[in-house]
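A short worksheet on the structure shown next.
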Amino acid sequence: MSEKLTIDEQMVPFKGRHRLKQYLPPKPKNWGYKIIFLAGSDGIPHNLEVDQPPELPNVGASEKVVLQLVQPIPKEENYNLFFDNWFTSVPLVVTLAEQGIRCTGTVHGNRLPGVNLKRAGHGPFKEKMAMVRETTLYVVKWCDNHSVTLMSDHIGANPVIEVDRWDC
């Protein structure tokens, strides 16, 4: 298992009748089984879930899936986990940090209570740090044509380097 891991979702097309079949209009294949998987940076899947996992700590549905998928990851060995904003929340990042799994993910602003990072124009970023149950959280909002907000328990905005902007 590589030290850089990701959790993501994928639709397996299926139009038959089954209780696990889902309809997700924004997906290219919108009818089928939604599979959530843990994969390494080399693309090899290490774990997957099709249905909701059993009850775990007091977190939401997406966080429960993540906590189920990370079971095979060795604890306290500096594994880095990356995921998108469907999974990212403060309770999840803190729970994973307590297990010794470092994580980074994009995050919706409504999952950051009390954090107000207003858009500051084209190019700049804003960073906030907070302590939650002995875990330091870094939230960075970077502004370009659209804003992107990242949350991590181990990396912030620094070091900052200057790059040339170009258009494709």
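Scanning the range 46-61 for any residue that is at pLDDT 85 or above and not in a loop (DSSP other than H, G, I, E, B) turns up at least one such residue.
On inspection, Glu76 passes the criterion of being exposed (fewer than 15 other Cβ atoms within 10 Å of the Cβ) and modelled with pLDDT of 80 or more. Cβ-Cβ contacts under 6 Å between residues 6 or more apart (or on different chains), taken from a first residue in the range 95-108 that is at positive phi to a second residue that is open to solvent by 10 Å² or more (accessible area, probe 1.4 Å) and basic (Lys, Arg), are listed as Gly100/Lys75. Applying the selection to the range 12-34, what residues are open to solvent by less than 40 Å² (accessible area, probe 1.4 Å) and either of a type in the set (Phe, Trp, Tyr) or assigned to a strand (DSSP E or B) (or both)? Across the range 12-34, the qualifying residues are Gly32, Lys34. What about Glu9, is it in contact with a helix residue (DSSP H, G or I) (Cβ under 8 Å, 6 or more places away or on another chain), modelled with pLDDT under 85 and surrounded by 13 or more Cβ atoms within 10 Å (Cβ to Cβ)? Against the criterion (in contact with a helix residue (DSSP H, G or I) (Cβ under 8 Å, 6 or more places away or on another chain), modelled with pLDDT under 85 and surrounded by 13 or more Cβ atoms within 10 Å (Cβ to Cβ)), Glu9 does not qualify.
The values are calculated or read from the model by the stated rules, or taken from the named source; none is laboratory data. As the structure is a computational prediction, the values presented were derived from the model and not from experiment. Quick reminder, even Gly has a Cβ in these numbers, built from the backbone with ideal geometry, and neighbours come from all protein chains shown. Each accessible area value is taken on the protein alone, full model and side chains, heavy atoms only, with ligands, DNA and RNA left out. Shrake-Rupley method; radii C 1.70, N 1.55, O 1.52, S 1.80 Å.
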